[in-house]
1. What do you get for the angle between helix B:32-44 and the principal long axis of chain B? Use alpha-carbon atoms, 0 to 90 degrees, nearest ten.
2. From the mean inverse distance of alpha carbon pairs (Kirkwood) and the Cα radius of gyration, derive Rg over Rh for the stretch B:24-125.
3. Along each principal axis of its Cα atoms, how long is the stretch B:40-183 end to end? Whole angstroms, biggest number first, please.
4. Amide H to amide H, which residues 5 or more places from A:ALA90 or on other chains are under 5 Å from it, using H placed in the peptide plane?
5. When the helix-only estimate is applied to chain B (DSSP H runs of n ≥ 4, each -39,500 (n - 2.57), divided by the residue count), what is the mean residue ellipticity at 222 nm, nearest 500 deg cm²/dmol?
6. By a straight-distance test (C-alpha under 19 Å), which lysines pair with B:LYS165 as possible cross-link partners, with residues fewer than eight away in the same chain excluded?
7. What is the distance in Å between the Cα centres of the stretch A:1-23 and the stretch B:280-343?
8. Can you list residues whose amide H is under 5 Å from B:TYR433's amide H, if they're 5+ apart or on another chain and H is modeled 1.01 Å from N?
Amino acid sequence: MAKKIMVVEDDPMNAKFFELTLKRRGNFEVIVTEDVDQILHLVRHGSIDMIVMDVSLSNSYYDGERVDGLTLSQLIKKHESAREIPILLATAHAMKGEQEMFLKKSGADGYLSKPVIDPNEFIKKVNDLLA
Amino acid sequence: MKTLPLQAVPKGHASRPTGYSQGLVLLVDDDEGIREVLQEIIQLFGFSCKTAENAVDSLRILGKERFDLMITDIKMPSMDGMALLREAKRKYPDLDIIMITGFSTDYSFNDVVIAGASDIITKPINLEEIEAKINRVIRERYLRKELEQKNLQLRSYLEDLQLTKDRLEEQARKLVGAVSEIEKANTVIERQNQKILKANWELEKADKMKSTFLATVSHELRTPLNSIIGFLGLVLDDLCESKEEEKTLLGDALNSSKNLLFLINNMLDLAKIEAGKVDIILERLDLQEILEEVASLLSIQAKQKNLYLTQKSDKVPPVYADRGKVWQILNNLLGNAIKYTEHGGIEIKAGVCGSEFVEIEVKDSGIGVPVEQKKRIFERFVQADRDYTRKQMGTGLGLVITKSLVEMMGGTIRLESEGEGRGSQVFFTLPLYREEQDVEETSGERCFVGFQE
């Protein structure tokens with residue numbers, strides 16, 4: 001059975017890219033969303049195998065406050081039932097030191113910088129995290 | 001030889017108090033016998049003694065040497081002792097004079113003292129008395145001299161002290177002056193320190209802003225590149241399900257490329273503004289015409305989203321501004337309005353505002369702006385404390401450029417919005433064209449305007 005991957009991404013073009021790439025190059029099942037309630041529900045009850053998480057989010061709210069991908073990752077990792085789901089941060093924030101800072105702050109499991117130059121390497125990274 | 005009117009013989013006690021130098025005494029008496037005896041006695045007391053037999057003689061002798069004491073009989077032929085006393089005192093006020101008086105004189109003791117005598121000896125002469133009196137007069141004389149000396153010294157000390165005091169006061173004055181100079185200098189230094197601190201703080205702030213800017217630019221360029229590279233890759237690797245999908249993905253890649261180009265152009269514009277390298281050519285502009293042109297051009301875009309775009313103003317007076325920049329401003333504002341509006345549409349209005357400006361309003365029924373972001377929407381690199389909840393550039397950069405352009409032409413810009421989902425209104429002003437600007441207008445006024453913080 002195909003692994004189910006959730007893509008959290010606010011840019012529609014980027015979301016489309018991740019969805020198509022994961023489906024066509026990795027044969028994954030993909031759910032794209034930036035709705036926090038839906039995300040928190042799915043990680044507990046939706047048998048999600050992995051999350052590709054954007055860092056800059058413009059339309060995601062938690063308790064009335066805007067949240068970014070780092071905070072969202074923390075929220076997910078707080079849930080007993082969701083803790084084991086690997087999170088790959090996929091971000092265009094690629095300045096020196098940001099990778100380390102993001103991983104430390106979010107508790108996420110991997111980091112991917114945009115633009116994704118080599119899609120096969122991206123798929124390998126996803127598979128490694130799923131293994 | 002006359003009988004000496006002596007009562008006792010001196011008894012070897014004629015020593016003078018130690019410390020006095022030899023006094024010089026002039027003895028005046030017309031009686032040679034008395035003269036000789038008294039001279040001997042006085043010498044026995046330890047004083048040098050010269051004699052004179054009359055007043056005239058004595059005045060002559062006094063003129064030759066400095067005498068300490070003159071002892072003179074009061075009764076003498078021709079010029080008497082009183083006359084001598086007065087004359088000698090007149091000529092030598094410092095000279096001590098002891099008068100020897102008999103029982104029958106024309107003068108009282110008081111007369112003699114008033115005339116300046118230091119003492120009086122009455123005949124018959126008592127040797128102890130004469131010794132004591134001479135000694136007392138001499139001693140007092142020396143004490144007086146010493147006192148005068150001391151007085152002189154004191155006076156000189158006093159003068160020195162006065163000089164020192166004057167010098168000290170002068171120095172104190174200088175010190176006070178110097179202190180106030182130092183205080184002044186300190187104030188200046190303090191102020192300069194403040195300036196340096198402020199400049200430093202501003203540099204740090206600018207540095208932080210530059211870093212934030214770089215990070216933001218990097219992020220904004222990478223985002224469209226990701227979909228461009230990704231979509232092209234999918235097409236190239238034949239991963240599309242249909243020709244239609246292939247076309248759609250290529251169209252998406254093209255759109256993302258255009259976004260990227262728009263972004264790059266905006267960034268170059270901003271960089272030019274920042275560097276003060278924007279040429280503004282002010283001239284008489286028919287704003288009414290421009291508004292109509294822009295509206296008709298952008299209404300095509302609006303129609304594609306099923307939005308209306310209406311230009312509601314009529315007979316707007318001409319403005320004094322740069323044609324290209326006014327176009328750019330309107331294009332930016334209307335572009336944003338279309339981009340962020342899903343239902344309804346956009347209205348443009350313009351009218352005279354005060355005596356110097358025309359105000360242009362761009363109103364949309366779009367997503368609006370959250371109240372807390374209203375002020376920040378025209379800021380460049382947004383706050384230093386970065387969170388990742390917002391795309392910071394995109395249109396944001398366009399508004400920054402728009403604001404700079406408006407301000408370069410002497411106008412102002414503001415944004416009104418009731419909040420998210422409730423539309424927004426942007427108002428900006430441009431200076432009214434006035435007749436007297438005709439003179440400057442010949443080839444358009446060329447300004448070289450830097451970006452003002």
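Laboratory data are not the source of any read-out in this text; all were calculated from the coordinates shown. The shown structure was predicted, so the numbers you read here are calculated from the model rather than taken from an experiment. Virtual Cβ from ideal backbone geometry, glycine too; neighbours counted across all protein chains shown.
1. 50
2. Numbers: Rg = 12.3 Å, Rh = 13.3 Å.
On the Cα set of the stretch B:24-125, Rg over Rh gives 0.92.
3. In descending order, the Cα extents are 85, 30, 30 Å.
4. Placed amide hydrogens put A:MET53, A:ASP54, A:VAL55, A:LEU112 under 5 Å from A:ALA90.
5. Numbers: 10 runs with 236 residues, N = 453.
That comes out to -18500 deg cm²/dmol.
6. By straight Cα distance, B:LYS165 reaches B:LYS174.
7. When both Cα centres are located, 39 Å separates them.
8. Amide H neighbours of B:TYR433, under 5 Å, 5+ apart: B:VAL319, B:TYR320.
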